[in-house]
Number of protein chains: 4
Amino acid sequence: MSLNVGVIGAGRIGKLHVDNLRLVPEIQVKSVSDIVVDHLELWAKDKQIKVLTSDYRQILNDHEIDAVFICSPTNTHAGMIMEAAAAGKHIFCEKPVSFSLKETEAALSAAEKAKVKLQVGFNRRFDPNFRKIRSLVQDGAVGAPHVLRITSRDPQPPGVDYIKTSGGLFMDMMIHDFDMARYIMGSEVVEVSAYGAVLVDPSIGEAGDIDTAIVSLKFANGALGVIDNSRQAVYGYDQRLEVFGSKGAAQAENNRPTNVEVSTAESVSKDKPLHFFLERYTQAYIDEVSEFAEAILYDKPVVCSGFDGLQAQRIAKAAKQSLETGAPVLLDQVSRQAAI
Amino acid sequence: MSLNVGVIGAGRIGKLHVDNLRLVPEIQVKSVSDIVVDHLELWAKDKQIKVLTSDYRQILNDHEIDAVFICSPTNTHAGMIMEAAAAGKHIFCEKPVSFSLKETEAALSAAEKAKVKLQVGFNRRFDPNFRKIRSLVQDGAVGAPHVLRITSRDPQPPGVDYIKTSGGLFMDMMIHDFDMARYIMGSEVVEVSAYGAVLVDPSIGEAGDIDTAIVSLKFANGALGVIDNSRQAVYGYDQRLEVFGSKGAAQAENNRPTNVEVSTAESVSKDKPLHFFLERYTQAYIDEVSEFAEAILYDKPVVCSGFDGLQAQRIAKAAKQSLETGAPVLLDQVSRQAAI
Amino acid sequence: MSLNVGVIGAGRIGKLHVDNLRLVPEIQVKSVSDIVVDHLELWAKDKQIKVLTSDYRQILNDHEIDAVFICSPTNTHAGMIMEAAAAGKHIFCEKPVSFSLKETEAALSAAEKAKVKLQVGFNRRFDPNFRKIRSLVQDGAVGAPHVLRITSRDPQPPGVDYIKTSGGLFMDMMIHDFDMARYIMGSEVVEVSAYGAVLVDPSIGEAGDIDTAIVSLKFANGALGVIDNSRQAVYGYDQRLEVFGSKGAAQAENNRPTNVEVSTAESVSKDKPLHFFLERYTQAYIDEVSEFAEAILYDKPVVCSGFDGLQAQRIAKAAKQSLETGAPVLLDQVSRQAAI
Amino acid sequence: MSLNVGVIGAGRIGKLHVDNLRLVPEIQVKSVSDIVVDHLELWAKDKQIKVLTSDYRQILNDHEIDAVFICSPTNTHAGMIMEAAAAGKHIFCEKPVSFSLKETEAALSAAEKAKVKLQVGFNRRFDPNFRKIRSLVQDGAVGAPHVLRITSRDPQPPGVDYIKTSGGLFMDMMIHDFDMARYIMGSEVVEVSAYGAVLVDPSIGEAGDIDTAIVSLKFANGALGVIDNSRQAVYGYDQRLEVFGSKGAAQAENNRPTNVEVSTAESVSKDKPLHFFLERYTQAYIDEVSEFAEAILYDKPVVCSGFDGLQAQRIAKAAKQSLETGAPVLLDQVSRQAAI
């Protein structure tokens, strides 16, 4: 059994997926599309890509293609999901699915009708630390979960140009943590309350966004949670998580390049955390495509579904609304508004 | 130079102070009062207490007494501060100063007019871990502070009878963390937003209180913070803190009885945290009375003033109001209401 | 530029090298030989091996082959090195090069004359933790090295049949640590003093070997060192190292599957170390073949030379002699004996 | 019940014991002697010492005195033990008991005949980390012990004048670790093999001593051990220990002033170890005198007996002999020599 895959969008994340897909024995990356492809020819040859095209529809129309990876800009995701579903292709879509709940719902509905797999790219679900914590929660090792704490800080902010089209901190960055919250707790978020600030770079504020945030969560099972984000941790990518419950707690620390400890007259020091997501989530990125292949080949549920993508987006939207109104927001309200 | 001290209230904390005061060379504990004293006679003799009385005014009227420790129930604190101030005694008062901001303000005003020292018993300010973090913040080692995270969990809840008269989780338990927030950040809290839940014990809910809470904070300097509390961490007293800023982060871990690590076929394990506040803050309790003595003898400012007590109380009140209304509360509003 | 490689010996380590060689873009594994090959056909096809043969000389005679991996039993290594050198092939040889210093010296001499690269398979030199410590020592971060401590314990002993042909604990197991000692300290071992015991399994003693050992080392630079080995650590593969010097110390801890810490009423625990060498040194095994390829393609020195193999073997021999005589042994003496 | 204590020798350690004895409710420090006492008068008054004398016999002849602390130079210990025993006083003697096994044996014999308690000042036995490891070994938590590793490094060397009269590194410094080895393993040392070097300061070598050493041990139960010492660890007092056995391992880390971790763009660092023995063993020094009092008052065995002192001394002597001869030394041989 084997899968022919086409990748739509060959930016940083698209190229990363190509590299990782090539590590999965069952997968051949047959085709890659991007708006401009001239600069990609050597790269594509080196990666043994058979088809390099500026028209993603060429991929969708290729009956040899089993699955597509949608790695183009966010505003194209929903439309492409619908087209790919119509073409009967299984779909891996980068996060977020869209900036509009309505669009996302339409895309999900299309995939469902077409009975194709749809996996959303929340890569952190595949990190061994977080997976272990999820297992501990599911196995009851910490009892009924009471409190979730997530810290997620990037080593440096993206450029302001990126910020402007990113959908904002909640949709672009904390959306990973919203998904993680649901993944770990096994319970839906029912209310959010957001605090935000511009402390890292005033130009982020001028672009209408925030760079620092704390969001409190209420879960359907009664538990509480809190996520803090910063666009800039000078010591590196800070990705920690803790769940506390009736029978105990489980916490995940940062990963570091080595575990060497150095003691001198000045200090006792160890490595800083792995620099950023490419270093920290190297294996998780591989595992998410490898398990996507498994889901298709053995008809298993995907680890991160379209619904998971929708819910994370909904929480992000609620957080944004809470920040704007200065009051907690019920997820149900966001849901209803989106339905309009 | 030496100080004669009287202790008002010989419950658990009063007795603890007596033991610690006896370790300070400059201090003699001359007198102890409590409502009922019969059962205290042997104890007092053993501690070389000269005067054991059921009338605290006997202490206040004793012109040999330089300072009093108010360790009686909270509803008596403010009145006793005023009486002690009128008698010219320096005052150490357990937290909280009162349940009413108006009463607290009156008590502070009395102490100020009488020009006596007034120290409030936020013992955690004297913990070496937290003191080091405060120093790091003040020295600029973490740059401008952006985010504060405090976790504070008791090993087990007090009895429901205690809960009923405690003033509630925010006033009884999280008040320590509110004080810590101001102490670490060196900036006033201007807004709070509280989430609470009853997850540990339904009878706490029936008593009108919560046992689990997450409170978000906005500081005057623009920074954000979050505190989580639980009345029950089965693994022991969980007291951690982290401050994150433009130049880095500093975090304090739990203290443990030993640092021994045991590796077996089953697991790699270490000691649980020190069980509760008596174990964790042993030295902090000693240092708070020793530095109180220094403040009097060398006319230095106290480490934790009456105003500090007032502010913590104000934040606790705001948190309670936020929980009740489901909306963030500005500290200024609480302040104004209290003035009425 | 690219390299055709042949692998001699398709046991566990030979197969591992095949998998890792296939990850190196510049390398094609063209041929594999083993004494019996019938059971390897499916495997070889799956790995896209063109030539599968029971005659290793077929590989040596293939002029397309640039380099060979010698993964056959130890008693065949030296002879094959000489044949491969004569055939002008670059050589990667598993450790130990042989059980006889004379044979090893002859093999080294043959490779040198033939001007082929010879790398010995001390994979731990490529572990990121140990590499970092070596760099720290070389950069002077710990000053002049004074004391080296290495702990190296296997999760469980091999079968007694293996033990009998293994060359003994010093030649089979501690030889890795002898190499590590030279690698880290950048100085030759001049004297060893060995203590050994049978504490894990009496049948190991009956086979004439020990299962527990402590060996002290003197280095040419005046520093001291100690290595402890056990054939059985029930908690997993224990691989730690510390170097202490005039300006400080650097220590490497074990690696673990995750860094999750779990706190319950019973204990605070974390993962056991990665189980054994395949898990712990996964990346090191990849890097040693990838850097071997680089050494050939860019004519760079190999990270672990034939001389390194010889020296480790010499120290192992000295340790064995020390154990037998109950007295310290000078390396020079071993060297001289070997020359006879 | 209470004890009157006299302290012989008011140098650093004598004064430390006075302070700690004053913390034990059952003890009064009645008398202190030293060769010269003029400079001690204010100090003695402040400590409420009734008798300050330059003649230690005044203490021995005082029938109110129950126990003496011998804190004078080592060459006076054995004689004073004999005199104190003859006077019927319980005895706490600083380590080492003497530089001569014969003298030590005579002193022990005198104490035994007089039926007085004799405790030797190996304070580290009272350290909570090491006590926990001892308990784990005794309770079988690590199974049969196989390997013991002790690291013990001072922050800086004493002056050369001190070195000259210290008895050498083994008798002055590593003697603590020899005692610890017996304490942890619950088994006698039967053979030692010593390596030593002068790496810290050439003037230590010129004084006939070493400053760096590694000593391997064989125990009566078949287990092996190793101790490394250095007179100078620039990062502070390094006191670690690990025992490894058939069911697992237990290791004790250094203690630090705080557990705060600081992450910046440069590094992730924590506190250096507590600086030296006064900081690291503060509580152990208190507990050793408090438990000595208990042993007398309740007629319990002392935690560290005269025999323990003798054995540590014997191992130190064997280590010295091994260093001088370059060969392992059996303890039995040392014992026999001493009997001559």
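So the values come out like this:
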| quantity | calculated |
| --- | --- |
| Filtered residues of the stretch A:260-297 (kept if basic (Lys, Arg) and not in a helix (DSSP H, G or I)) | A:270, A:272 |
| The listed residue being assigned to a loop (DSSP other than H, G, I, E, B) and either open to solvent by less than 30 Å² (accessible area, probe 1.4 Å) or more than 27 Å from residue A:200 (Cα to Cα) (or both), out of A:334, A:303, A:226 | A:303 |
| Residue match in the stretch B:282-295 (condition: buried (at least 22 other Cβ atoms within 10 Å of the Cβ) and in contact with a His (Cβ under 7 Å, 6 or more places away or on another chain)) | yes |
| Residue match in the stretch A:144-157 (condition: over 21 Å from the mean Cα position of the chain (by Cα), not in a strand (DSSP E or B) and not assigned by TED's automatic domain parsing to the domain that holds residue A:76) | yes |
| The stretch A:229-258: number of residues that are in contact (Cβ under 8 Å) with a residue 24 or more places away in the chain, of a type in the set (Val, Ile, Thr) and surrounded by fewer than 23 Cβ atoms within 10 Å (Cβ to Cβ) | 1 |
| Unique match (being open to solvent by 40 Å² or more (accessible area, probe 1.4 Å) and among the aliphatic types (A, V, I, L, M)) among C:78, C:111, C:67, C:86 | C:86 |
| Residues satisfying the stated conditions in the stretch B:191-223, i.e. among the polar types (S, T, N, Q) and either surrounded by fewer than 24 Cβ atoms within 10 Å (Cβ to Cβ) or over 21 Å from residue A:251 (Cβ atoms) (or both) | B:193, B:203, B:221 |
| Residue within the stretch C:189-205 that is free of Cβ contacts under 8 Å to residues at least 12 places away in the same chain and either more than 17 Å from the chain's Cα centre (by Cα) or not assigned by TED's automatic domain parsing to the domain that holds residue C:229 (or both) present | yes |
| Pair list, Cβ under 9 Å, 6 or more apart: the stretch A:55-75 residue assigned by TED's automatic domain parsing to the domain that holds residue A:94, other residue open to solvent by 50 Å² or more (accessible area, probe 1.4 Å) and aromatic (Phe, Trp, Tyr) | A:74/A:99; A:75/A:99 |
| Selection count, the stretch D:197-213, where residues are assigned to a strand (DSSP E or B) and touching a Lys or Arg at 6+ places or on another chain (Cβ under 9 Å) | 2 |
| Selected residue [farther than 21 Å from residue D:311 by Cα, touching a strand residue (DSSP E or B) at 6+ places or on another chain (Cβ under 9 Å) and facing another protein chain (nearest Cβ under 9 Å)] from D:230, D:216 | D:230 |
| 2 or more residues modelled with pLDDT of 95 or more and over 22 Å from residue D:20 (Cα atoms): qualifying helices (runs of 4 or more DSSP H) within the stretch D:36-102 | D:56-60, D:74-86 |
| Residue among B:159, B:140 that is more than 14 Å from chain A (Cβ to nearest Cβ), open to solvent by 20 Å² or more (accessible area, probe 1.4 Å) and either more than 30 Å from residue A:234 (Cα to Cα) or at pLDDT 95 or above (or both) | B:159 |
| Scan of the stretch D:32-59 for residues that are surrounded by fewer than 15 Cβ atoms within 10 Å (Cβ to Cβ) and among the hydroxyl-bearing types (Ser, Thr, Tyr), ordered by number | D:54 |
| Meets criteria (open to solvent by less than 40 Å² (accessible area, probe 1.4 Å), closer than 30 Å to residue A:254 by Cα, in contact with an Asp or Glu (Cβ under 6 Å, 6 or more places away or on another chain) and among the hydroxyl-bearing types (Ser, Thr, Tyr)) for residue D:264 | no |
| The one condition in (1) within 30 Å of residue A:283 (Cβ to Cβ); (2) in contact with a helix residue (DSSP H, G or I) (Cβ under 6 Å, 6 or more places away or on another chain); (3) not aromatic (Phe, Trp, Tyr) that residue C:319 fails to fulfil | (1) |
| Checking residue A:29 against (1) surrounded by 15 or more Cβ atoms within 10 Å (Cβ to Cβ); (2) touching a residue at least 60 places away in the same chain (Cβ under 8 Å); (3) among the hydrophobic types (A, V, I, L, M, F, W, C), the condition it does not meet | (2) |
| Identity of the residue in the stretch A:260-294, within 7 Å of another protein chain (Cβ to nearest Cβ), out of contact with any helix residue (DSSP H, G or I) (no Cβ under 6 Å at 6 or more places or on another chain) and not charged (D, E, K, R), that ends up farthest from residue A:179 (Cα to Cα) | A:265 |
| Residue count for the stretch B:233-259, restricted to those that are assigned to a strand (DSSP E or B), more than 7 Å from every other protein chain (Cβ to nearest Cβ) and under 23 Å from the mean Cα position of the chain (by Cα) | 6 |
| Test: residue C:186 is within 24 Å of residue C:92 (Cβ to Cβ), at pLDDT 95 or above, open to solvent by 10 Å² or more (accessible area, probe 1.4 Å) and not hydroxyl-bearing (Ser, Thr, Tyr) | yes |
| Residues being under 14 Å from the mean Cα position of the chain (by Cα) and more than 30 Å from residue D:133 (Cα to Cα) - total across the stretch B:264-301 | 3 |
| Odd one out for residue A:24 among (1) open to solvent by less than 30 Å² (accessible area, probe 1.4 Å); (2) modelled with pLDDT of 95 or more | (2) |
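Here is a yes/no grid of residues against (1) away from every other protein chain (no Cβ under 14 Å); (2) in contact with a His (Cβ under 8 Å, 6 or more places away or on another chain); (3) not hydrophobic (A, V, I, L, M, F, W, C):
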{"position": "D:62", "(1), (2), (3)": "yes, no, yes"}
{"position": "D:65", "(1), (2), (3)": "yes, no, no"}
{"position": "D:70", "(1), (2), (3)": "yes, yes, no"}
{"position": "D:83", "(1), (2), (3)": "yes, no, yes"}
{"position": "D:94", "(1), (2), (3)": "yes, yes, yes"}
{"position": "D:107", "(1), (2), (3)": "yes, yes, no"}
{"position": "D:112", "(1), (2), (3)": "yes, no, yes"}
{"position": "D:145", "(1), (2), (3)": "no, no, yes"}
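The values are calculated or read from the model by the stated rules, or taken from the named source; none is laboratory data. Fair warning: this is a prediction, and the values are worked out from it, not measured in the lab. Reconstructed Cβ throughout: ideal geometry from the backbone, glycine too, with neighbour counts over all protein chains shown. Only protein heavy atoms, including side chains, enter the accessible area calculation; ligands, DNA and RNA are left aside. Shrake-Rupley method; radii C 1.70, N 1.55, O 1.52, S 1.80 Å.
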